[in-house]
Amino acid sequence: MTYKPKKVDIIFSPYSVAPYHILKETIKRTKEEVITELIESGLRGRGGAGFPTGFKWKLAAEEKSNTKYIICNADEGEPGTFKDRKLLVEVPRKVISGMAICAWLTGANLGFIYIRREYKYLIPELKKEIEVFKQHAKQINLNFEIQIFIGAGAYVCGEETALIESMEGKRGEPRNKPPYPITKGYLGKPTIVNNVETFASASMVCRYGAKEYKKLGTQDQHGSKLFSISGDSTKEGVHELELGMTLEAFVDEFGDSNTKAVQVGGVSGFCIPRKDFKNAIIGIGNTTGSSTMIFNSSRSMYKVLCNYLEFYAEESCGQCTPCRVGCQQLLNGLKAVKKGEKPAKYLDQLLKLAETMKITSKCGLGQSVTNSFSSIVTNFKEEMIY
Amino acid sequence: MKKKITLKIDGHQITVEEGTSILEAAKKINIKIPTICYHEDLCVAGNCRICVVEQKGSRALIPSCATPVNENMEIYTSSPKVRKARKDIMALLVSEHNTQCTTCYRSTNCELQTLSAEYNVDNSIYLSLVKEEDCFIDKSSWSVEKDNSKCIRCQRCVRTCAEIQHVNALAVTRKGKDMKISTFLDLPMNEIVCTNCGQCITHCPTGALTERRYFDEIWDAIDNPEKHVIINTAPSVRVALGEMLGYPVGTRVTGKMVTALKKMGFDSVLDTDYTADLTIIEEGTELLNRLKDYLLYKKNVALPMITSCSPGWVKFIEHMYPNHLAHLSTCKSPQQMFGALAKTYYANKKGIDPSKIVSVAGMPCAAKKFEANRPEMRSSGYQDVDAGLTTRELGYMIKQSGLNFNELEESNFDSIMGESTGAGVIFGATGGVMEAALRTAYFLITGKPIPFEHLNIVPVRGLDGIKTASIKLEKCLPEYSFLEGIEVKVAIAHGLTNARTIMDQIVAGTSPYHFIEIMACPGGCIGGGGQPIPTTKEVRLKRIKAIYDEDMGKPIRMSHENPEIKQIYKEFLTTPNGEKSHHYLHTTYRKRNRY
């Protein structure tokens, strides 16, 4: 059964019910009730890794510590993703109320919005919003303060432990896990790091209830989600869609009727060729990232892949061998094959290398290079060689 | 008590304490997992990924050095998946490494070379990533050479400089393909805040960091009939040199070393222990004078007084605590005392033109090379020490000479300046200078030997980072009556991170000590930056044991009883801390910047 992309209007709808009213009503309930609601809603992290949000907050609430932190990850660095910016501009109160609900649930008193430097111009407005929140927090006796932290602009700092390292004034390099931030995060204290959209969605789950929220989407995938659509599309921009649609339906709606491939989930996601559109469901077997880049037949997939790999070779933090050296080898190897300096079968060696990177890299960056590399090289092999 | 965790590694069940890493657990049942970025002296980085292992039920491999054990974990350290991945990672490391192994100083003692040979890595799988600009070797420092083309970014040097030494001369800069280990603002090694201690060299798995080598110049001097080439060897060289020549760690090779150096053509083979004894007399007298000024004349003197034998430490305090240099003893290090006397007293006694003397020092140290080149160190009218060689360089010179070291007879150091005591020998281990000083000082003050069995002052020995002790002075001789009833408090620190703790107390005015010994390297000179690689805790302990064995074997064990020391005061120096001593044996320090 296929689902047509259904547009939803929850997240960006105007504040028909004030987000801080949702907050006020939510904290009248018991914490167990709210956590159960979140778990039942099936809400997953919207940053790309897709960890169940309710479960994460439950673990954080169970941590015994007087100090806990909440970090809203607005380091939106995945190429082709631009929905967090829109959220912070248009519905910041939904994001903040989501953070506040999380704070109430877990017992955190301090939260940060980690915003990428390129979004600096959003800060004055955001500061005003934080002032507004202060008033509301006072009224409902919620001891939770929000500060803004400006990142220095490294892709890898979107990875939660690298983000925390950079907040502590160190090089933005991912940490060894375990321990996870939930037990040992910012300054060694339990820390919940979630994407901007996750907080906004959590606030919406609290508003509508898990039952209502679950009506959106399919059996496997619940709720709605923001898609940043770019490339050869007639309707670029941020769209809120129900989950569970096939790529075919998606391309019918957003493509320019000449679509050759779609990159789902950004550079760290998969590139799906036209022949697979029918059976590919967005978010299953690929990633839950927001970025969807549409390529039509005028595009060289070789150039696309080179562009990705150049990005990776630049943005790897450089600490672990498979990622630092692997990214360069994939890039240089691919170019060597194209130039004829290496035989075509060298691509097989590179595919093996990508697999090694997937199972040995320290963080999600190096682990996910193989997604785009392998899907492009296998599906568009002749473009890589000739 | 910590919780116990039971897990299975390669089918063997093992129970270990909670928090143990998989790597450590495997070691306990004799399963060796290869590592590169791991070093037991340092915090875990988990970035080379060589030590990955497979966990049952897990798709990704996990780094065994950085992953703590879990109950009922099942680990496979050598499954096909692990072996393939490991070999692939090794090939990646080799692809960014300048593989000119035949001409590399670390060849046959390189962890990357050993592992890639074990795994038979094919160098042609991947394209070489060595950048042309990295092939420029920074040879600006007197002590440390840095070759980026051989760097595999394991960050062991970075962690060494930060954790053990608290200097942070080396740091990671840039990211991705441009990530590299760099100095402040990419400045050359001689312009940065570096103590030249050489710990980065002994912790480097490859040939990216090495000491500046001088052995070709030494051979030239030996071959030149005009020159009179003398060498003095430091106490800790004799207990470590054997490691370069195939002996087990902790073997003493003093006699064979002397024979080898003589056969190689050095005109005279002398002992740095001799000037170590001299240091005790000069430094001890200086301390007593300071205490006298403070206690008897109520003068404002800098106390505690701190030793100045370790050139890495001296440069550290010059950079980091430039306003507290008065606490340093003004005594030169034994190496530099030796150099100053070699071209004056020795030259005179032997009737040799000092301009013809080439004075070489065989040292466990990289910083000694820098020290020899300090402009302060020319009190003989010439450069007092012409070259400092590390234990490693000496080992290679002996190999180059073609001698069968194992078969050599043992022989004694030449004279003059070859006689030494057990007190001079123990300079090589942390706490040794303190122990030697206390043996002599206590005797001079009270007329009796220090009340420890066999003169072994055990509380100042061992590998604790900071050691303290106190000795009450009673029944002092009349001239030292101002010390009657005083409890002398001493401290010993090794590793500059510990030195910083000591210095911060002094800056805060809370330091309770009278006398402090500081050595830049962990374990003291036996763990110096010029010693054979590897140096680990186990190796340090074995070398230390050898040092104390050497001490016990000496007929004289207090510096002031050394007959050659008595002789030099009679014939040349007249009195300790006298005018001549000040000219030849004492020095000044300079304030340096912190950046």
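What follows draws every value from the coordinates through simple rules; no lab data is involved. Computed from a prediction, not measured in an experiment: that's the story for all the values here. In this analysis, Cβ positions are derived from the backbone assuming ideal geometry, glycine residues included, and neighbour counts consider all displayed protein chains.
How far is helix B:80-95 tilted off the main Cα axis of chain B, in degrees rounded to 10, range 0 to 90?
60 degrees
Given the options B:MET90, B:LEU61, B:GLY11, identify the residue whose Cα lies farthest towards the positive end of the charge dipole of the range B:1-128 (+1 on Cβ of Lys, Arg; -1 on Cβ of Asp, Glu).
It is B:GLY11.
So which GluC sites (Glu not before Pro) in the range B:3-83 end up in coil per DSSP with only 13 or fewer other C-beta atoms within 10 Å?
Values: sites: B:GLU17, B:GLU18, B:GLU24, B:GLU40, B:GLU54, B:GLU71, B:GLU74; in loops: B:GLU18, B:GLU40, B:GLU71.
Hits after loop and neighbour filter: B:GLU18, B:GLU40, B:GLU71.
Considering only DSSP beta bridges where both residues belong to chain B, give the percentage that are antiparallel (nearest 5).
Antiparallel: roughly 50 percent of the beta bridges in chain B.
What is the range A:291-386 by shape, rounded, prolate or oblate, if you read a ≥ b ≥ c off the alpha carbon gyration tensor as root eigenvalues and call it rounded for a/c under 1.5, prolate for a/b larger than b/c, and oblate otherwise?
oblate
Take chain A, mark every one of the GluC sites (Glu not before Pro) that falls in a DSSP loop and has at most 15 other Cβ within 10 Å, then report the longest stretch left between them, sites excluded.
Counting at most 15 other Cβ atoms within 10 Å as exposed, the longest clean stretch of chain A is A:1-167.
So for B:LEU93, B:LEU296, fewest C-beta neighbours within 10 Å to most, what's the order?
Working: B:LEU93 25, B:LEU296 12.
So the ranking, lowest neighbour count to highest, is B:LEU296, B:LEU93.
When only Cα pairs under 8 Å and 6 or more residues apart are kept, what is the percent relative contact order across chain B? Intermediate results must be reported in sequence, preceding the final value.
Working: 1185 pairs, mean separation 93.6, N = 595.
Worked out over chain B, it gives 16 percent.
Classify the range B:40-183 as rounded, prolate or oblate from the Cα gyration tensor: take a ≥ b ≥ c as the square roots of its eigenvalues, call it rounded if a/c is under 1.5, otherwise prolate when a/b beats b/c and oblate if not.
Oblate, since a/c reaches 1.5 and b/c is not below a/b.
Determine the dipole magnitude for the protein assembly as shown: charges of +1 sit on the beta-carbon of Lys and Arg, -1 on that of Asp and Glu, nothing else is charged, the reference point is the Cα centre, and the result goes in debye to the nearest 20.
Result for the protein assembly as shown is approximately 2120 debye, rounded to the nearest 20.
Mind checking the range B:1-104 for trypsin sites (Lys or Arg not before Pro) that DSSP puts in a loop (not H, G, I, E or B) and that have at most 16 other Cβ atoms within 10 Å?
Hits after loop and neighbour filter: B:LYS2, B:LYS3, B:LYS32, B:LYS56, B:ARG59.
Would you mind classifying the range A:19-214 by shape? Square roots of the alpha carbon gyration tensor eigenvalues, ordered a ≥ b ≥ c; an a/c under 1.5 is rounded, otherwise it is prolate if a/b is larger than b/c and oblate if not.
It is rounded, given that a/c, with a ≥ b ≥ c, falls under 1.5.
Under a Cβ-only charge scheme (Lys and Arg +1, Asp and Glu -1), can you give me the dipole magnitude of chain A about the Cα centre, in debye to the nearest 20?
Using only the charged Cβ atoms, the result is roughly 400 debye.
Size of the dipole of chain B about the Cα centre, Lys and Arg at +1 and Asp and Glu at -1 on the beta carbon, nothing else charged, in debye to 20?
So the dipole magnitude of chain B works out to roughly 1400 debye.
Restricting to chain A, compute how many DSSP beta bridges are antiparallel as a %, nearest 5.
50 percent
Would you list A:THR234, B:THR330, B:THR210, B:THR173 from fewest to most Cβ contacts within 10 Å?
Final ranking by Cβ density, sparse to dense: A:THR234, B:THR173, B:THR330, B:THR210.
Which one of A:ALA280, A:THR234, A:GLY255 is farthest out on the positive end of the charge dipole of the range A:224-296, using unit charges on Cβ (Lys, Arg +1; Asp, Glu -1) and the Cα centre as origin?
Towards the positive end, the residue furthest out is A:ALA280.
Pop the C-beta distance of B:GLU484 and B:PHE136 into the FRET formula with R0 = 51 Å and round what comes out to the nearest 0.05.
According to the calculation, E is roughly 0.20.
In whole percent, what relative contact order does chain A give with Cα contacts below 8 Å and a gap of six or more residues?
19 percent
Enumerate the whole-percent occupancy of each 10 Å bin, from 0 to the last occupied one, for all C-alpha pair distances of the protein assembly as shown.
Taking all Cα pairs of the protein assembly as shown, the binned fractions are 2, 11, 17, 19, 16, 13, 10, 7, 4, 1, 0 percent.
Find, among the chymotrypsin sites (Phe, Trp or Tyr not before Pro) in the range B:206-310, those assigned to loop by DSSP (not H, G, I, E, B) with at most 13 other beta-carbon atoms within 10 angstrom. Can you show the working numbers first?
Values: sites: B:TYR214, B:PHE215, B:TRP219, B:PHE266, B:TYR274, B:TYR294, B:TYR297; in loops: B:TYR214, B:PHE266, B:TYR297.
Within the range B:206-310, the qualifying chymotrypsin sites (Phe, Trp or Tyr not before Pro) (loop, at most 13 other Cβ atoms within 10 Å) are B:TYR297.
Could you work out the helix-only [θ] at 222 nm for the protein assembly as shown, with each DSSP H run of four or more residues adding -39,500 (n - 2.57) and the total divided by the number of residues, to the nearest 500 deg cm²/dmol?
It lands at -11000 deg cm²/dmol.
Holding the Cα-Cα limit at 29 Å, pick out from A:LYS24/A:LYS189; A:LYS120/B:LYS175; A:LYS7/A:LYS68 the pairs that are longer than that.
A:LYS7/A:LYS68
Per residue of B:84-94, count partner chain C-beta atoms within 10 Å of its C-beta, then hand back the mean as an integer.
Per residue, the average neighbour count from other chains is 5.
Comparing A:VAL267, A:VAL89, A:VAL251, which has the greatest mean-square fluctuation in the GNM of chain A with Cα pairs linked when under 10 Å apart?
The residue that fluctuates most here is A:VAL89.
Given the convex hull of the Cα atoms of the range A:224-296, what is a quarter of its surface area in nm²?
Orientation-averaged projected area of the Cα hull: 3.9 nm².
Within a 10 angstrom radius of the beta carbon, how do A:SER298, A:SER65, B:SER359, B:SER268 rank from fewest other beta carbons to most?
Neighbour counts put them in this order, fewest first: A:SER298, A:SER65, B:SER268, B:SER359.
Would you mind checking B:LYS349/B:LYS580; A:LYS58/A:LYS358; A:LYS83/A:LYS225 for any pair whose Cα atoms are more than 20 angstrom apart?
A:LYS58/A:LYS358
Let me have the relative contact order for the range B:329-413, percent, based on Cα pairs under 8 Å that are six or more residues apart.
So the answer I get is 30 percent.
Of all DSSP beta bridges located in the protein assembly as shown, what percent are antiparallel, nearest 5?
50 percent
On a 26 Å Cα-Cα criterion, which of the cross-link pairs A:LYS28/A:LYS134; B:LYS292/B:LYS315; B:LYS542/B:LYS591; B:LYS350/B:LYS399 come out too long?
In this structure, B:LYS292/B:LYS315; B:LYS542/B:LYS591; B:LYS350/B:LYS399 exceed 26 Å between Cα atoms.
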